[in-house]
Structure formats: C-alpha cells, structure tokens
C-alpha cells in the first residue's frame, strides 16, 4: 500500500507553517478532482492525520491544495498566492510519497521528498 505525507515550511520566517489547511484530491476518469481527505498542519508544519493508515493510495493523479493565504493573513503578512496546488502521479503501489511545500509570501516550491 502506498502512503503519503507532507509538511509546510515558511521559508521567509524560517519555521514550520502551523495552521495551513490542506485538501487531498484524486483525479477521476473524467479528469475531475474529487476530495479524499483534509487536514491542518500542526506546530511542526506536518499533517500526520491527512490519511488513515489503512487508506490505500491507488495509482493515479493526485492534487494537494494548501491554503497559504489564510496562513499568511494570520501572520499579518500580505500574500500573492491565495493557495498552492501540487499535482503528482502515483504509478505503482507500495511506495511512500512525501510532498513538502516551501512557502513565502511571494513564492513557493515543492519536490518529492523521502
């Protein structure tokens, strides 16, 4: 069974981004994304309860949506991007997928972590 984890780091502040709402979606056969799970990052910037341990991730295209505008508003900081979306593909079952997000008020980046 494939597993998924994520975390959000505020690179402008040099700390984990606590309180970022995250939504995980899977693309269906028509190309539409359907919600699978939601979570909010903890004090370490992680969402440990995004998916239950017994929730299988089948091969397909997935999207993580991070609500970063709300996070920066709580910090009293203007943000150019209202949200960040990361779309990725799972080709085979059994791997672990870690999708971190690095955010700043005027930019973001991501990569496949370990």
>> Residue under question is residue 88, and the condition is that it be surrounded by 12 or more Cβ atoms within 10 Å (Cβ to Cβ), modelled with pLDDT under 95 and assigned to a strand (DSSP E or B); does it hold?
In response: no
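Out of everything in region 58-85 that is closer than 20 Å to residue 27 by Cα and in contact with a helix residue (DSSP H, G or I) (Cβ under 9 Å, 6 or more places away or on another chain), what residue ends up being surrounded by the most Cβ atoms within 10 Å (Cβ to Cβ)? Let's see the steps before the verdict.
Residues of region 58-85 that are closer than 20 Å to residue 27 by Cα, as a first pass: 58-67, 83-85.
Keeping just the survivors that are in contact with a helix residue (DSSP H, G or I) (Cβ under 9 Å, 6 or more places away or on another chain) gives 83-84.
Numbers: 83: 17, 84: 20.
The selected residue is 84.
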>> Checking the condition outside any strand (DSSP E or B) and crowded, with 16+ Cβ neighbours inside 10 Å, which residue from 50, 9 passes?
In response: 50
>> Whether any residue in region 65-72 is at pLDDT 95 or above, assigned to a strand (DSSP E or B) and farther than 16 Å from residue 16 by Cα is what I want to check.
In response: yes
> Looking at region 93-114, which of the residues that are in contact (Cβ under 8 Å) with a residue 60 or more places away in the chain and assigned to a loop (DSSP other than H, G, I, E, B) is surrounded by the fewest Cβ atoms within 10 Å (Cβ to Cβ)?
Replying inline: 94
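Rundown of residues vs (1) over 15 Å from the mean Cα position of the chain (by Cα); (2) within 21 Å of residue 110 (Cβ to Cβ); (3) touching a residue at least 60 places away in the same chain (Cβ under 8 Å), yes/no style:
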site: 32; (1), (2), (3): yes, no, no
site: 41; (1), (2), (3): no, yes, no
site: 48; (1), (2), (3): no, yes, no
site: 51; (1), (2), (3): no, yes, no
site: 60; (1), (2), (3): yes, yes, no
site: 65; (1), (2), (3): no, yes, no
site: 70; (1), (2), (3): no, yes, no
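The values are calculated or read from the model by the stated rules, or taken from the named source; none is laboratory data. Every value quoted in this text rests on a predicted model; they were computed, and no experiment measured them. Because the Cβ atoms are built from the backbone with ideal geometry, glycine has one as well, and the counts that use them run over all protein chains shown.
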